[in-house]
Amino acid sequence: MAEENATGDVPTGRRWWPWGLVAVLLCGIVLRLIWPEVMEFKLDEQWFFEKCMTVGRSEPVPMTALHSSVGPDNPIQSLLVWIALARLFDVQEPPDLGTAIHVVNVAALLLLAGYSLWGVRRDEREPWLWATALAAVNPFTLLFHRKIWQPSILPIVLVLMLICWQRRERPWPAFFWGLLSLLTMQIHLAGLFLTLGFLFWTLVFEDRRLHWKAWFWGSALGGLGLLPWLHYVFFDYLAHPVARSHWPRFFPVQFWIHWTTEPLGLGMRYALGHDFTDFLQWPLVAGRPTYLVAITHAALIVAGLTIFYRALVSFVRERRAGRMLWQTVTTPVLQPVYAVCFGYGLLLTWSCLGYYRHYHILSFPFMF
């Protein structure tokens with residue numbers, strides 16, 4: 001976030017950035033923890049809360065969890081993590097469970113900040129610090145970090161997976177990368193495409209760095225939890241499948257449209273629906289609209305177009321110099337971004353299983 005001179009010192013006029021980062025992080029923490037009673041409590045949220053209160057007490061542990069958006073039920077781990085969270089925080093009411101996930105995602109944000117400050121090289125630190133700041137106050141991130149929903153518990157798992165992946169030449173990080181990858185899939189089935197996307201990128205570009213033996217045993221251990229779900233798929237679901245594939249969605253590029261707009265905070269119609277127009281009029285002063293939200297959206301669109309224009313100019317300049325985009329994949333700061341953007345994005349698109357915006361929770365924090 002600040003340029004450095006030849007000695008590695010930050011110019012005096014730009015030493016304010018740590019305070020700016022702290023201020024943004026505090027804002028993000030407050031927005032996650034404030035007003036716990038203001039929460040979504042639709043059918044999915046109700047199901048998770050009720051199961052947290054009854055499973056292991058008045059009813060046995062089921063073989064599977066809530067059904068997925070593409071057909072089969074989710075693995076039982078997507079419920080067990082919530083039950084563990086409910087027991088840990090002594091949950092009695094729905095807002096209690098909401099507060100539990102708020103705290104977990106505050107921990108994910110702080111872990112990302114720590115990784116950005118101390119987990120990457122100094123010359124690669126700035127993009128990760130910007131990603132941390134944007135993720136802290138992004139409206140979509142705030143929305144999903146406050147939901148009682150199985151994808152909403154994934155950010156802290158994803159940051160841990162990133163840390164392990166970056167150190168995959170060592171035995172223990174490679175082991176836990178494999179373990180966490182399989183756990184991600186068991187919490188939300190879209191994690192299958194994320195896991196395969198990361199693995200594909202590693203095989204193609206950085207296979208010599210991976211400690212394969214440790215990764216294998218970590219993946220094998222994580223895969224044990226899938227056995228009950230695989231039994232259900234082969235002996236129950238496939239006998240009476242409920243297909244929800246959407247072939248017309250194969251060709252559009254919603255994944256990458258959202259990849260470029262969500263970091264800018266654009267597209268809140270997804271959550272607000274018909275109320276989005278009213279939202280643009282806020283805040284109200286003496287009952288009259290000020291349209292400051294609409295003005296902010298316009299400014300964000302201009303910022304996005306400016307970023308796109310500068311990226312296009314840079315791409316043309318690199319092309320004229322004979323350097324193609326694919327030649328940058330060996331840059332450590334970009335490897336995980338490409339792995340998610342192209343690995344996860346392409347596999348999710350090519351699956352033809354339909355696309356849902358909440359699948360982008362598994363892009364945390366890479367699209368920022």
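How many percent of all Cα-Cα pairs in the stretch 41-151 sit more than 17 Å apart? Tail of P(r) above 17 Å: 61 percent of Cα pairs. Compared with the alpha-carbon gap, the fully stretched path from Ile34 to Leu117 is longer by 27.2 nm at 0.36 nm per residue. The convex hull defined by the C-alpha atoms of the chain has an orientation-averaged projected area of 22.3 nm². In straight-distance terms, cross-link reach from Lys51 covers every one of the lysines whose alpha-carbon lies under 24 Å from its own, apart from those fewer than eight places away in the same chain; here that gives Lys42, Lys147.
Note on Thr290 and Val61: their simple-model spin labels are 5.2 nm apart, each label 7 Å out from Cα toward Cβ.
What a 1.4 Å probe finds exposed on the stretch 260-328 is 67% carbon and sulfur by accessible area, rounded to a whole percent. Close amide H pairs (under 5 Å, H built 1.01 Å from N) link His67 with Asn74, residues at least 5 positions away or on another chain. A Förster radius of 51 Å combined with the Cβ-Cβ distance from Gln92 to Ala303 puts the calculated FRET efficiency at roughly 0.70. Here r is the Cβ-Cβ distance between Arg319 and Val253 and R0 is 22 Å; the resulting FRET efficiency, rounded to 0.05, is 0.50.
For the stretch 9-123, a simple Cβ point-charge model (Lys and Arg +1, Asp and Glu -1, everything else neutral) yields a dipole of about 620 debye relative to the Cα centre. Solvent-accessible area of the stretch 72-229 (1.4 angstrom probe, protein heavy atoms only): carbon and sulfur portion equals 71 percent. Taking the charge dipole of the stretch 63-165 about its Cα centre, with +1 at Lys and Arg Cβ atoms and -1 at Asp and Glu Cβ atoms, the residue from Leu143, Ser68, Pro95 reaching farthest to the positive side is Leu143. For the stretch 109-178, the solvent-accessible area of protein heavy atoms averages 36 Å² per residue (probe radius 1.4 Å; ligands and nucleic acids excluded). Every helix of 4 or more DSSP H residues in the chain counts as -39500 (n - 2.57), and over all residues that averages to -17000 deg cm²/dmol at 222 nm.
Most tightly packed first, judged by the mean number of other beta-carbon atoms within 10 Å of their residues, the peptides 220-226, 162-168, 172-178, 311-317 read 172-178, 162-168, 220-226, 311-317.
When +1 charges are put on Lys and Arg Cβ atoms and -1 charges on Asp and Glu Cβ atoms, the dipole computed for the chain relative to its Cα centre reaches about 1000 debye.
How high is the FRET efficiency between Phe235 and Cys352 when r is their beta carbon distance and R₀ equals 30 Å, given to the nearest 0.05? The computed FRET efficiency comes out at 0.75.
The values are calculated or read from the model by the stated rules, or taken from the named source; none is laboratory data. Worth saying up front: this structure is predicted, and the values here are computed from it rather than measured. Backbone-built Cβ (ideal geometry, glycine too); neighbour counts: all protein chains shown. To get the accessible areas, we keep the full protein, side chains included, count just its heavy atoms, and leave off ligands, DNA and RNA. Shrake-Rupley method; radii C 1.70, N 1.55, O 1.52, S 1.80 Å.
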